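A short write-up of the structure that comes next.
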Amino acid sequence: MYERSITPSENAWSKIEDQLGSSSQTAKRGYWAYGIAAGFIGILFISIFFLTQPVAEVIPTQEVVKTTDNTSDIPNTLEIQESLKDDFENTGDLVQKDPLQENTQLPNDVLVQNMVQPKFLDEKIVEDFVALEKVDTKIAEVMTQVTILEQTQGAVSDATVDSLLRTAQKELLRERIIGDSQAVDALALLSDVEDELNRSLRDQLFEKLKDGYVKVRSAIAYRNE
Amino acid sequence: MKIISLYENQKRMLKKALKGDRNAQRMLYEKFAPKMLSVCRQYVKDRHFAEDVMINGFVKVFNGLHTFRNEGSFEGWVRKIMIREAISYLRKNQFVVFDSDQIDLVAEETVFLESSLQASEVQVLIDSLPEGYKMVFVLYVVEGYKHKEIASMLNISESTSKSQFFKARNYLQQRISSLALAKEGQS
């Protein structure tokens, strides 16, 4: 009985094969499901990683158009001295002079270059550097004017120096507002207005202090006499 | 040498079958299917149902091939799976009823036959047994399991296994003696 054998039917193996085939398909399907799930999770992590990265602003290139009138650089100190000397001699009143009302011409000589704009941090540094250079230039101009006045008129009063400084400041602000592109910079305009308001308050305080000081000085002088 | 080469061949076939090689699996099936169908037939009366049990058994064999540890013979391992599958089938169809009555195990007179019985005749005699008796009888006599092992396989007590076997043996002895008498009468 132990060694007895019975021949199975012919389609028995095909039934076994069918059952084995379906079980292996489900196993593969299981592996596929795990693979798809793992891929989806990986994509999720990568997208979260990239989304949380800070994006640096890329500024497109700008072309500075060359003007045909004058190709020289910013005028040197001697030219400034001569032009200002003419202005002072003609008007004789430096305090009331308002360069914004004059028919001034912006220097036509603009540097010709095609610049590739640096990234936002480098551009800010360059802007600050350029602004400082302009301030230095204006200060040099004012000093030159004071020297000329001392040579021509002798002693220069504080009010004169103050008016020269204010003029230079106004010019700087105007350049900042209008900018290189001949368009008005709103923020610069706003800061200018704020500055005007602060200055008026400052001037009032200064005037009051000055009046007080003058009164005290006069009183002491009279007493001594 | 021939045995060693056969063993090596079977080992190679098992490795391929483990990887899912359908040809290797088919070769293993063709080698063991006739014996395994006979094993299933010992428990299940109907040949077609026995074949279904064998098919399910082979599916479990190939799906669980990675659990075969090469500690005993592959045939013995497959045989165990077939027996478990046959028992499971009979339980599912509620063919098996175990008689829990304890019987005094008294030795009865043994009947000897002058002529040996054919395997088919033995099978007929075994088929005539009630399912519970038949299962214990086949596991003990044909497969060689001990009552303790049979009890754990069938989830019965050892004493129930012994009593079932005793009843099966008595029943068969009565049938064989009546068969012998019938043959004597014919001669």
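The values are calculated or read from the model by the stated rules, or taken from the named source; none is laboratory data. Because the structure is predicted, anything quoted here is derived from the model rather than measured. Note: ideal-geometry Cβ built from the backbone for every residue, glycine included; neighbour counts use all protein chains shown.
Worth pointing out:
- One residue stands out among those in region B:158-182 that are in contact (Cβ under 8 Å) with a residue 40 or more places away in the chain and of a type in the set (Ser, Thr, Tyr): the one that is nearest to A:Tyr2 (Cα to Cα), which is B:Tyr171.
- Residues of region A:145-204 that are surrounded by 15 or more Cβ atoms within 10 Å (Cβ to Cβ), over 24 Å from the mean Cα position of the chain (by Cα) and modelled with pLDDT under 80: A:Val156 alone.
- Between B:Phe49, B:Phe58, the distinction of being modelled with pLDDT of 90 or more and within 12 Å of chain A (Cβ to nearest Cβ) belongs to B:Phe58 only.
- Residue that is nearest to B:Leu139 (Cα to Cα), among those in region B:26-51 that are of a type in the set (D, E, K, R) and more than 15 Å from the chain's Cα centre (by Cα): B:Lys31
- Scanning region B:56-85 for residues that are assigned to a helix (DSSP H, G or I) and aromatic (Phe, Trp, Tyr) yields B:Phe58, B:Phe62, B:Phe74, B:Trp77.
- Residue that is farthest from the other protein chains (Cβ to nearest Cβ) [pool: residues in region B:130-146 that are at pLDDT 85 or above and not in a helix (DSSP H, G or I)]: B:Lys146
Residue-by-condition table, conditions (1) part of a helix (DSSP H, G or I); (2) modelled with pLDDT of 85 or more; (3) at the interface with another protein chain (Cβ under 10 Å from one of its Cβ atoms):
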{"site": "A:Ser24", "(1), (2), (3)": "yes, no, yes"}
{"site": "A:Arg29", "(1), (2), (3)": "yes, no, no"}
{"site": "A:Ala38", "(1), (2), (3)": "yes, yes, no"}
{"site": "A:Leu44", "(1), (2), (3)": "yes, yes, no"}
{"site": "A:Phe49", "(1), (2), (3)": "yes, yes, no"}
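- Criterion violated by B:Asn23 - all others in (1) outside any helix (DSSP H, G or I); (2) more than 22 Å from the chain's Cα centre (by Cα) satisfied: (1)
- Residue count for region B:27-46, restricted to those that are facing chain A (nearest Cβ under 9 Å), charged (D, E, K, R) and surrounded by fewer than 16 Cβ atoms within 10 Å (Cβ to Cβ): 1.
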